[in-house]
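No value in this document is a laboratory result; all are computed from the given coordinates. Note that the coordinates shown come from a computational prediction; the quantities given were computed from them, not determined experimentally. So basically every Cβ, Gly included, is an ideal-geometry build from the backbone, and we count neighbours across all protein chains shown.
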Amino acid sequence: MPDRPTTGAATRYTNLRSGQLARPASRVVKPGESLWSIAATELGPTATDEAIAARWPQWYAANRQLIGPDPNLIHPGQVLNPPAPSRPVPPTHQEK
């Protein structure tokens, strides 16, 4: 049986040909979310505060026109486009 992520696990989008992270589909902001929490969810449960602190501004930069001048003010229902992937990932044993 193939490995399956657990509920709440970060989803990994990989371009199988290049080994690069692929840009996932847009994301709808849920009540109570912030750019920090969105970046933390994207990076997964092992993400460090430093990694999240580096990633959330990328989410803001990719969506600044929609969000406006205050990155702390996002609204439920807004549709955010993910930023470009921040790093390549090696293929899993199933992808080799």
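In this rough spin-label picture, where each label sits 7 Å from Cα along the Cβ direction, the residue 66-residue 30 distance is 1.7 nm. Relative contact order of segment 27-80, taken over Cα pairs closer than 8 Å and 6 or more residues apart, is 59 percent. Counting neighbouring beta carbons within 10 Å and listing from fewest to most, the residues 37, 26 come out as 26, 37.
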